[in-house]
Structures are given as C-alpha cells and as structure tokens.
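Read the structure below first, then the notes.
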Amino acid sequence: QVQLVESGGGLVQAGGSLRLSCAASGFTFSFTEYVMKWYRQVQGKERELVAAITNGGSGPTYADSVKGRFTISRDNAKNTAYLQMNSLKPEDTAVYYCNAAYRWNPAYRYWGQGTQVTVSS
C-alpha cells in the first residue's frame with residue numbers, strides 16, 4: 001500500500017522558515033521513477049501546484065509566487081521529498097500536500113494527507 005506521509009508544518013511568523021518532508025513507501029516502482037510535487041490549498045480555492053522535481057533531467061520547477069523563496073529537493077536513498085520554505089508570507093498559509101506521479105503512467109498517482117502551514121503577520 002502506497003503511503004505519503006507529510007510532516008514539518010506548523011505556525012510561523014512572517015519572514016520565518018519551515019521545512020516540509022514527504023516520506024514515501026509502498027511504491028510499485030523505484031522512487032526515482034516518480035515525479036515528486038508539492039501542492040497547497042486554501043479552503044474554498046483550488047489546489048495549486050507549488051513545486052515539482054524529477055530525478056535528474058530538467059531542474060525543479062516552481063510557481064511564480066514562491067520562486068526564490070522555496071526549494072524542493074529529494075533524497076532517493078530515503079524515499080523522501082522536501083520543501084524548504086523561507087521568507088514565508090501570510091499568503092503562504094495553506095494545507096500543503098505531497099504528490100507522487102509515476103513518470104511513465106499518470107494512472108500511478110498518489111497524495112499525502114496534507115500538513116497545515118500557518119504564517120502569522
């Protein structure tokens with residue numbers, strides 16, 4: 001059974017930092033074959049793609065709203081993806097979700113349970 005377990009969310013003041021982790025297990029294929037993504041969602045709004053990272057190939061991609069502040073990374077030995085969030089703003093407040101998508105077949109796509117990030121002004 002595939003599991004994506006997020007951690008690292010919490011309450012932080014504006015300008016602060018948080019590091020989210022997404023630990024993956026139970027994949028059918030090697031972790032390296034999955035594109036790892038972070039999304040966020042504010043209640044009442046659509047889920048927004050924040051950042052994505054493949055294994056090798058092209059570099060990470062980011063939403064314009066987080067470029068220069070957030071960094072996505074992965075540790076294939078630990079089957080874990082990360083989102084380092086710096087210079088946080090109140091508008092970054094959301095539930096952050098980890099997503100894993102098998103690069104060769106989009107039917108293999110999984111979500112974590114989400115972790116709340118709240119940035120106070």
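State, as an integer percentage, the relative contact order of the range 9-121 based on alpha-carbon contacts under 8 Å between residues 6 or more apart.
Rounded, it is 36 percent for the range 9-121.
Summing Lys, Arg as +1 and Asp, Glu as -1, what charge do residues with Cβ under 12 Å from the Cβ of residue 42 carry, residue 42 excluded?
Overall, the nearby charge balance is -1.
At 7 Å along Cα-to-Cβ for each site, give me the label-to-label distance between residue 67 and residue 109 in nm.
2.4
What lysines could a cross-link reach from residue 78, if we take a straight Cα to Cα line under 19 Å and drop same-chain neighbours fewer than 8 places away?
The qualifying lysines are 37.
Relative to the Cα centre, what is the charge dipole magnitude of the range 1-55, using +1 at the beta carbon of each Lys and Arg, -1 at the beta carbon of each Asp and Glu, and rounding to the nearest 20 debye?
Charge dipole of the range 1-55: 140 debye, to the nearest 20.
Counting Lys +1, Arg +1, Asp -1, Glu -1, what net charge surrounds residue 83 among other residues with beta carbon under 14 Å of its beta carbon?
Residues close to residue 83 contribute a combined charge of +2.
With +1 on each Lys and Arg Cβ and -1 on each Asp and Glu Cβ, how big is the dipole of the range 49-109 about its Cα centre, in debye rounded to the nearest 20?
It works out to roughly 160 debye.
In terms of Cα to Cα distance under 16 Å, which aspartates and glutamates are near enough to residue 67, apart from those fewer than 8 places away along the same chain?
Straight-line reach from residue 67, under 16 Å: 48, 91, 92.
Per the Debye formula with a single identical scatterer at each Cα and no solvent contribution, what log10 I(q)/I(0) holds for the chain at q = 0.23 Å⁻¹?
For the requested q values the scattering log ratios are -1.38.
Considering only protein heavy atoms and a probe of 1.4 Å, how much of the accessible area of the chain is carbon and sulfur, as a whole percent? If you can, show how the numbers build up before the last one.
Values: 3040 of 6410 Å².
Whole-percent figure for carbon plus sulfur exposure: 47.
Using DSSP to define loop residues, name the trypsin sites (Lys or Arg not before Pro) in the range 1-69 whose beta-carbon has at most 12 other beta-carbon atoms within 10 Å.
Values: sites: 19, 37, 40, 45, 47, 67, 69; in loops: 45, 47, 67, 69.
Counting only loop positions with at most 12 other Cβ atoms within 10 Å, the trypsin sites (Lys or Arg not before Pro) in the range 1-69 are 45, 67.
Lys and Arg at +1, Asp and Glu at -1: add these up for the other residues within a Cβ distance under 15 Å of residue 66 and post the number. Intermediate results must be reported in sequence, preceding the final value.
Details: positive: 19, 37, 40, 47, 67, 69, 89; negative: 48, 64, 91, 92.
It works out to a net charge of +3.
Accessible area per residue, 1.4 Å probe, Å², for the range 1-92: what's the number?
I get 53 Å² per residue for this part.
The values are calculated or read from the model by the stated rules, or taken from the named source; none is laboratory data. Only a predicted model underlies this, so the values are computations on that prediction, with no experimental measurement involved. All Cβ positions, glycine included, derive from the backbone under ideal geometry; neighbour counts span all protein chains shown. Calculation scope for accessible area: heavy atoms of the full protein, side chains included, ligands and nucleic acids excluded. Shrake-Rupley method; radii C 1.70, N 1.55, O 1.52, S 1.80 Å.
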